[in-house]
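The values are calculated or read from the model by the stated rules, or taken from the named source; none is laboratory data. Keep in mind that what you see is a predicted model, and the values were worked out from it rather than measured. Here Cβ is always computed from backbone atoms with ideal geometry, including for glycine, and neighbour counts include all displayed protein chains.
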Amino acid sequence: MSESEDRRNPGNVPEYSVSEISGAIRRTLEGGFARVRVRGEITELKRYPSGHVYLSLKDEGAKIAGVVWRGSVSRLGLTPENGIEVIATGKVSSYGERSSYQLIIEQMSFAGEGALLARIEALRKQFLAEGLFDVARKKPLPFLPRLVGVVTSPRGAVLHDIRTTIARRFPREVLVWPVPVQGEGAAARIAAAIEGFARLSPRPDVVIVARGGGSLEDLMAFNDERVVRAAAASPIPLISAVGHETDTTLIDFASDRRAPTPTAAAEMAVPLRSEMVADLAHRAARLSGALVRRLQEARSALDRAAGRMPDLPAMVETARMRLDDRAQRLSLALPRVAERARARLVGVERRVPSPDLLIARRREALGKIAGRLDGAVTGLVQARRMRAARARLSPEMLGAVVRLDQARLSGLSGQLEAVSPRAVLERGYVVVQDASGRPLTRAAQHPEGGRIVIAFADGQRVGRMDKAGRGEPSVQGEFSL
């Protein structure tokens, strides 16, 4: 049939709608590529708030779009990033609204060991630049932890080796946080276990992160960025024991100590009890010997010091004898001192006039003053009377009165001179008085050796009573005016 006939009879060609063609293509793609593995380098990576991840896989000759639905992101097996070569597992489907096809990715793994090593090296350089591997960040391990935390698989020989080693060396409590050590979600579970130990109360004193040997892909969970950052940020000292001695993961650089095997990690965590007992015994012996030597040296020094010191009992006895002698002399001296003081007081008492004598002298002086005052008043009155009488007398009568008074005054003066003590003294008599001024009329009135005052007509002398022959007292001493 010619072309012109086809245009005249269009019903012979099937007619489809756009949706039908798009659905048919989608069914064809999903039927022919229901399960495929595509190798390529990730590019144009975009994460959306909905949780979906859009990206492209490319090689030298082509590029295919890909999508990871939100529910599959946690099961990918790795964190997709631009520039890494991966093997994506999924199915090919179409997107009818844009007439495009895409790879719906369900799983993802690194493309070969070279890609894994390149990824690990890139992370190592990044962490090294951030300072996560600095030695200054390393924390010392406790000497004897009370509680040991272990992050590992609950199945396998690793946990058994750690427990038996700790029980053999120094039994300690072991707290296990079981986690998967490879496969999907292993890295997130390991990081959560490390962070979870830090939130416990009481929390372990040291944490061991361990697993047995395996391939590079099996150990990739311990090269994950989340695990490395959790190990570096752990406030609890952390020991990594991942794989065999030749295996090295990034957690080994971030941990505080790296152990070649899980058994070695347990040996690092707790000391050997027998060695501690032997070390304590050795230290105790050294301490005992040192104490014995110090005691001997102190005893020798004490003996030398005691040899240089005087005889204390003899010194005490000498001091006691000296004290007794002083006490005896004091008991004898005190009465003498008291007697001397008494004698001095008696001497002072004898020299001090008695109060009666002083009062008598004052009374006598006052009496004399009163007599003179009365005489003066009487004389004054008589003089005034006489002046008044004389004023009335004639001169001849007044002269007779004056002569009469003069004759009377001369007579009284002669009588006064006759009875005056001075006139007696002029005849050779003396007046003897004691120290108080009292007149002495008897020798017995004054003790022998006592002080006396002798009044002469022209002055006084001081003397001392002494005993003359035949018991008669006499006066001795130097006399002076």
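Have a look at 346, 316 and point out the one that is under 25 Å from residue 437 (Cβ atoms), of a type in the set (Val, Ile, Thr) and outside the structural domain of residue 437 (by TED's automatic domain parsing). Give the derivation first.
Working: 316 fails: under 25 Å from residue 437 (Cβ atoms).
Unique residue meeting the criteria: 346.
Report, ordered by the first and then the second residue, all pairs with beta carbons closer than 9 Å, sequence separation of six or more or different chains, a first member in segment 159-187 that is under 22 Å from residue 276 (Cα atoms), and a second member that is of a type in the set (Lys, Arg).
166/172; 168/273; 169/273; 170/273; 171/273; 172/146; 173/146; 174/163
Under the condition of being small (Gly, Ala, Ser) and modelled with pLDDT of 90 or more, which residue from segment 253-280 is nearest to residue 237 (Cα to Cα)?
Taking segment 253-280 and keeping what is small (Gly, Ala, Ser), we get 254-255, 259, 264-266, 269, 274, 278.
Those left that are additionally modelled with pLDDT of 90 or more: 254-255, 259, 264-266, 269.
Numbers: 254: 11, 255: 8, 259: 13, 264: 16, 265: 12, 266: 13, 269: 10 Å.
Only one residue fits best here, namely 255.
So how many residues does segment 210-248 have that are under 49 Å from the mean Cα position of the chain (by Cα), among the small types (Gly, Ala, Ser) and surrounded by fewer than 17 Cβ atoms within 10 Å (Cβ to Cβ)?
Number satisfying all stated conditions: 1.
Considering only segment 145-186, state which residues are among the hydrophobic types (A, V, I, L, M, F, W, C) and in a strand (DSSP E or B).
As a first pass, look at segment 145-186 and keep what is among the hydrophobic types (A, V, I, L, M, F, W, C): 147-148, 150-151, 157-159, 162, 166-167, 170, 174-177, 179, 181, 186.
Within segment 145-186, 147, 148, 150, 151, 174, 175, 176, 177 meet the criteria.
Taking the options 205, 247, name whichever one is farther than 23 Å from residue 145 by Cβ and not hydrophobic (A, V, I, L, M, F, W, C).
Values: 205 fails: farther than 23 Å from residue 145 by Cβ.
Of 205, 247, the one residue that is farther than 23 Å from residue 145 by Cβ and not hydrophobic (A, V, I, L, M, F, W, C) is 247.
Considering only segment 24-71, state which residues are in contact (Cβ under 8 Å) with a residue 60 or more places away in the chain, of a type in the set (Lys, Arg) and under 18 Å from residue 109 (Cα atoms).
39
Suppose we filter 35, 75, 47 for residues that are surrounded by fewer than 15 Cβ atoms within 10 Å (Cβ to Cβ), at pLDDT 85 or above and under 30 Å from residue 217 (Cβ atoms); which single one remains? First the steps, then the outcome.
Numbers: 35 fails: at pLDDT 85 or above; 75 fails: at pLDDT 85 or above.
Going through 35, 75, 47 in turn, just one is surrounded by fewer than 15 Cβ atoms within 10 Å (Cβ to Cβ), at pLDDT 85 or above and under 30 Å from residue 217 (Cβ atoms): 47.
Could you list, in sequence order, all residues of segment 154-195 that are closer than 17 Å to residue 240 by Cβ and under 38 Å from the mean Cα position of the chain (by Cα)?
195
Run residue 124 past the list (1) of a type outside the set (Ser, Thr, Tyr); (2) assigned to a strand (DSSP E or B); (3) in the same structural domain as residue 184 (by TED's automatic domain parsing); (4) within 30 Å of residue 67 (Cα to Cα) and report the number of the one that doesn't hold.
(2)
Can you pull out every residue in segment 142-155 that is touching a strand residue (DSSP E or B) at 6+ places or on another chain (Cβ under 8 Å) and in contact (Cβ under 8 Å) with a residue 40 or more places away in the chain?
Those that are touching a strand residue (DSSP E or B) at 6+ places or on another chain (Cβ under 8 Å) and in contact (Cβ under 8 Å) with a residue 40 or more places away in the chain: 142, 145, 146, 147, 148, 149, 150, 151, 152, 153.
Taking the condition buried (at least 23 other Cβ atoms within 10 Å of the Cβ) and under 46 Å from the mean Cα position of the chain (by Cα), does residue 207 pass?
yes
Do we have residue 338 as modelled with pLDDT of 80 or more and surrounded by fewer than 10 Cβ atoms within 10 Å (Cβ to Cβ) here? Reasoning before the result, please.
Working: modelled with pLDDT of 80 or more: yes; surrounded by fewer than 10 Cβ atoms within 10 Å (Cβ to Cβ): no.
The answer is no for residue 338.
Go through segment 208-247 and give me each residue that's part of a loop (DSSP other than H, G, I, E, B) and either free of Cβ contacts under 8 Å to residues at least 24 places away in the same chain or under 18 Å from residue 77 (Cβ atoms) (or both). Talk me through it step by step, then tell me what you get.
Within segment 208-247, the subset part of a loop (DSSP other than H, G, I, E, B) is 212-219, 224, 234-237, 243-247.
Answer for segment 208-247, where residues must be part of a loop (DSSP other than H, G, I, E, B) and either free of Cβ contacts under 8 Å to residues at least 24 places away in the same chain or under 18 Å from residue 77 (Cβ atoms) (or both): 214, 215, 216, 217, 218, 219, 224, 245, 246.
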